[in-house]
Amino acid sequence: MSQPKNVLVTAATGKTGVHTTRLLLERGHHVRALVHRLDERSAHLADLGAEVAVGDLLDLASVTSATRGIDTAYFAYPIVPGLVDATAVFAEATADSGVRAIVNMSQISARRDAVSDAARQHWIAERVLDWSPVPTTHLRPTFFAEWLITFLDDRGVLRLPFADGRHAPIAAEDQAHVIAAILEDPEPHAGEVYLLRGPVELNHTEIAAELSGALGRPLSYEPISLDEFTATLEARGFGAHTVQHLRSVAVDYRNGIFAGTDDVVATVGGKVPMTVAEYAVRNEEFFEDKGSWAFW
């Protein structure tokens, strides 16, 4: 194990944040978990042994306070407005505080000409961090396996506008092994951009079949139009920024942007990544009780 470090994990109650916090604590590091508010999720992090700090990633004073005394930091921001501003704040605070390395959660659709506002902003945010004096590693995951819980409806149907597109779902827990490994020993990964994808590429008909076999009940995939998908998202209360992003990346998905597999979880994170079936078995309670599951 590397020498114990003081590590900052932002979005610490989120999908990758909570697993990253747990792994680092188990490995003997001190973790400062930055959260937006105190609640049951932040209390869980405190119970694990994290130092919980409340702050807003858009507020320079609170982010600077959170980065004081920190060796390495994980930066993640939800799909809501403000990413570029939050990234600039984080870049300034980490540089001012002498942080030695950053791991940045981007996305596989991030590129200069992305139609999705959020994906294009992720590309700009990567460039902002590249201009910073603090060495940064960018992670660009495909769709999380957690997506399947979010969009499986009460009838056991995945109603999504993905046609026959394919990807290799990757669990947040597996991504956390990559994040934690880089935070522990960042120098070999400085300046790298890692695509994060699961071990098996599938279309959603095949994904539904994998889930069915693992959970022991019939599940299916129903392709829908982009307009139907948009209406579903709006009915579920997703904000305009998120809806525009998800509709746009559905087109990216059809065009193969999210496809492919890789070995980053194994080679960098030191873990064999979960298949869809293994993820379903490990998270069966959430597939059965989706009311306890949040999108972020």
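With a requirement of 2 or more residues that are within 29 Å of Gly237 (Cα to Cα), the helices (runs of 4 or more DSSP H) lying completely within the stretch 1-93 that satisfy it span 15-26, 40-48. May I ask you to say which residue of Arg217, Arg254, Arg197 is more than 17 Å from Thr150 (Cβ to Cβ) and within 19 Å of the chain's Cα centre (by Cα)? Only one candidate qualifies: Arg197. Of the residues Asp113, Asp164, the single one that is charged (D, E, K, R), in a loop (DSSP other than H, G, I, E, B) and without any contact (Cβ under 8 Å) to a residue 24 or more places away in the chain is Asp113. Cβ-Cβ distances below 8 Å connect the following pairs, each with a first residue in the stretch 8-34 that is over 9 Å from Ala50 (Cβ atoms), a second residue that is aliphatic (A, V, I, L, M) and modelled with pLDDT under 95, and a separation of six or more residues or different chains: Arg27/Met1; Gly28/Met1. When we screen Arg159, Arg155 for residues that are outside any helix (DSSP H, G or I) and free of Cβ contacts under 8 Å to residues at least 12 places away in the same chain, the only hit is Arg155.
Scanning the stretch 259-286 for residues that are in contact (Cβ under 8 Å) with a residue 24 or more places away in the chain, more than 23 Å from Gly213 (Cβ to Cβ) and hydrophobic (A, V, I, L, M, F, W, C) yields a total of 2. Cβ separations smaller than 6 Å between residues 6+ apart or across chains give the following pairs from the stretch 64-76 residues that are under 8 Å from Val99 (Cα atoms) to residues that are of a type in the set (Val, Ile, Thr) and outside any strand (DSSP E or B): Thr67/Thr94; Thr67/Val99; Ile70/Val99; Ala73/Thr94; Ala73/Val99. Put simply, of Ile257, Ile207, Ile179 the only residue that is assigned to a loop (DSSP other than H, G, I, E, B), β-branched (Val, Ile, Thr) and either loosely packed, with under 15 Cβ neighbours inside 10 Å or modelled with pLDDT of 95 or more (or both) is Ile257.
The values are calculated or read from the model by the stated rules, or taken from the named source; none is laboratory data. This is a predicted model, so every value here is computed, not measured. Every residue, glycine as well, gets a Cβ built from its backbone with ideal geometry; the counts of neighbours run over all protein chains shown.
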